[in-house]
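What follows is calculated from the coordinates using simple rules that are stated; it is not laboratory data. Keep in mind the model is a prediction, meaning the values are calculated, not measured. Here the Cβ positions follow ideal geometry from the backbone for every residue, glycine too, while neighbour counts run over all protein chains shown.
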Amino acid sequence: MTTWQDHKATTPLVGAARDSYDASHRGMGVGYLILRARSAAGLTQEALADRIGTSQSTIARWESGSQLPSVRSLTRVAEATGFQLRVGLRDARSREVTVSIT
């Protein structure tokens, strides 16, 4: 039996499908950025939680958007995943991302 993770690993989204998927998830905000950073680092929610000293359920709440992490927690996530945290303010009329993990 093939798991969803196995399927994604062997059949990644490409081209327009990937662009559409990414665009729809950008609207999820900080939670999606955490998920992307964690995935890029090859970490499970539990492994990330262990690295930053929190619980797997906290990581799940952040990624789902049901709870927002503090800037301090975002900094720990960035460090644990090999990214840098950039936080900024933009004009409210701008459609650009205001918080990003790079």
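Here are the numbers for this structure:
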{"quantity": "Label-point gap, in nm, between Ser64 and Ala16 - each point 7 angstrom along Cα→Cβ", "calculated": "3.4 nm"}
{"quantity": "Length released on extending from Arg93 to Thr75, taking residue separation times 0.36 nm less the Cα-Cα span", "calculated": "3.8 nm"}
{"quantity": "Total formal charge among the other residues, if their Cβ is under 13 angstrom from that of Ala60, Lys/Arg +1 and Asp/Glu -1", "calculated": "0"}
